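Each value in this text was obtained by applying a stated rule to the coordinates, not by laboratory testing. The structure displayed is predicted, hence computed values, not measured ones. All Cβ positions, glycine included, derive from the backbone under ideal geometry; neighbour counts span all protein chains shown.
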Amino acid sequence: MSSLTIRPALPEDVNAIFSMIFELAVFEKLEHMVVANEAMLHEGLFGEQPGCEALVGVENGEVVTFALFFHNFSTFLCQKGLYLEDLYVKQDCRGKGYGKQMLVALAQLAVERRCGRFEWSVLDWNDTAISFYQNMGASVMPDWRICRVTGDALTRLATH
């Protein structure tokens, strides 16, 4: 029996979530891109106009995993979708099925909210995650690439 309790994130979880976000960035070798801070995360999750939501997994009173997500929309389905931005399980808690439990909880939430799809991205070099996701029934979309405009490029684009 799992000792993980999954629940919606609370304001007092922001510190633990932010810490794991940085751990994730280090794992992905992208820590140099982290410009966020706890106050910004708090605003994103619990501010006047939240841009995202999060679930946390708690083991023995400690937050050991999180999933940060938001809704998107499919024009082809004319339905909202649930987009998983990040899922992270602390290193010493891996291998206990917590990642699977978090994905199942998110899938249940997507079904409850009548979402047409549940999506996320995975780095092409993360073979362990790709295999895990495929074993959970996910299709890795080989023909799609993420396009991103940030910072100065975003500002320039906005002025065209």
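Structural remarks
- Some residue of the stretch 38-52 being aliphatic (A, V, I, L, M), at negative phi, in contact with a Lys or Arg (Cβ under 9 Å, 6 or more places away or on another chain) and surrounded by 15 or more Cβ atoms within 10 Å (Cβ to Cβ): no
Every residue, every condition in (1) of a type in the set (Val, Ile, Thr); (2) in a loop (DSSP other than H, G, I, E, B), yes or no:
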position	(1), (2)
Glu48	no, yes
Val56	yes, no
Val64	yes, no
Leu103	no, no
Leu106	no, no
Val111	yes, no
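- Checked across the stretch 82-103, the condition of being touching a Lys or Arg at 6+ places or on another chain (Cβ under 9 Å) and either over 24 Å from Ile17 (Cα atoms) or surrounded by fewer than 16 Cβ atoms within 10 Å (Cβ to Cβ) (or both) holds for no residue.
- Residues that are over 17 Å from the mean Cα position of the chain (by Cα) and of a type in the set (Gly, Ala, Ser), drawn from the stretch 58-96: Gly61, Ser74, Gly95
- For Pro8, the conditions (1) surrounded by 13 or more Cβ atoms within 10 Å (Cβ to Cβ); (2) within 15 Å of the chain's Cα centre (by Cα) are fulfilled apart from (1).
- The stretch 113-160, subset β-branched (Val, Ile, Thr), more than 26 Å from Gly99 (Cβ to Cβ) and outside any helix (DSSP H, G or I), residue farthest from the chain's Cα centre (by Cα): Thr159
- Residue that is in contact with a strand residue (DSSP E or B) (Cβ under 8 Å, 6 or more places away or on another chain), over 22 Å from Asp127 (Cβ atoms) and not basic (Lys, Arg), where the choices are Pro8, Pro50: Pro8
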